[in-house]
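**Student:** Input: one structure, supplied below.
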Amino acid sequence: MLTFESDNAVARVLVIDDHDSINTILTEVLGSFGCTVYTATTAADGIAIARVKALDVIFVDIRLPDTMGDDVLEILRKILPRVSVIMMTGYDDHERAMRCMELGATDYITKPFDFDYLKTTLLTSVICN
């Protein structure tokens with residue numbers, strides 16, 4: 001798990017993605033926005049972190065090694081109904097992305113990331129939460 005902590009955090013963010021490079025990039029970028037960032041490479045680890053950390057936003061990859069992101073989303077909606085969940089995908093999987101939106105995802109973003117859109121999505125999620 002990577003962690004970046006900011007004393008005056010704009011938001012406390014969890015990133016669940018099985019690629020260390022994505023976790024590193026998002027930790028750096030979200031940290032530069034003033035966020036405290038936690039990461040997990042599996043759904044199980046991400047859910048465990050979500051159960052113990054006070055979080056504002058969770059980014060979840062749609063395809064994880066131990067389950068699919070929409071399954072993670074359903075669990076997160078039950079344990080943290082007020083936390084914004086943003087789905088991430090590197091695949092052209094519009095059906096699954098739409099299913100995630102129906103299950104209560106705040107938004108979904110595509111890889112490679114548009115960092116301006118990422119920042120807008122993050123700030124919108126924090127303000128509306």
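**Student:** Using Cα positions and a limit of under 23 Å, work out the lysines in reach of Lys119, with same-chain residues fewer than 8 apart set aside.
**Tutor:** The reachable lysines, counting only those whose Cα sits under 23 Å from Lys119, are Lys53, Lys111.
**Student:** Could you sort 20-26, 53-59 so that the peptide with the highest average Cβ count within 10 Å comes first and the rest follow in order?
**Tutor:** By packing density, highest mean first, the sequence is 53-59, 20-26.
**Student:** At Asn8 and Thr120, where each label point lies 7 Å from the Cα along Cα→Cβ, what is the point-to-point distance in nanometres?
**Tutor:** Placing both labels 7 Å beyond Cα along the Cβ direction yields 2.7 nm.
**Student:** Give me Rg/Rg_expected for the chain, where Rg uses Cα atoms only and Rg_expected = 2.2 N^0.38 Å with N residues. Please list the in-between numbers first.
**Tutor:** Details: Rg = 12.9 Å, N = 129, 2.2 N^0.38 = 13.9 Å.
Rounded to two decimals, the normalised Rg is 0.92.
**Student:** Contour minus end-to-end for His94 and Lys78, with contour as 0.36 nm per residue of separation and end-to-end as the Cα-Cα distance? Present the calculation step by step, with values, prior to reporting the outcome.
**Tutor:** On the way: separation 16, 0.36 × 16 = 5.76 nm, distance 2.37 nm.
Gain in length upon complete extension: 3.4 nm.
**Student:** As a test, work out the antiparallel percent of DSSP beta bridges whose residues both lie in the chain, rounded to the nearest 5. Spell out each step's value before the answer.
**Tutor:** Values: 3 of 21 bridges.
Antiparallel bridges make up about 15 percent of those DSSP assigns within the chain.
**Student:** Also, I was wondering about something else. For Thr24 and Leu103 in one chain, what is 0.36 nm times their gap in residues minus the Cα-Cα distance, to one decimal in nm?
**Tutor:** On the way: separation 79, 0.36 × 79 = 28.44 nm, distance 2.76 nm.
Taking 0.36 nm per residue and subtracting the Cα distance, the gain is 25.7 nm.
No value in this document is a laboratory result; all are computed from the given coordinates. Keep in mind it's a predicted model, so treat the numbers as computed, not measured. Note: ideal-geometry Cβ built from the backbone for every residue, glycine included; neighbour counts use all protein chains shown.
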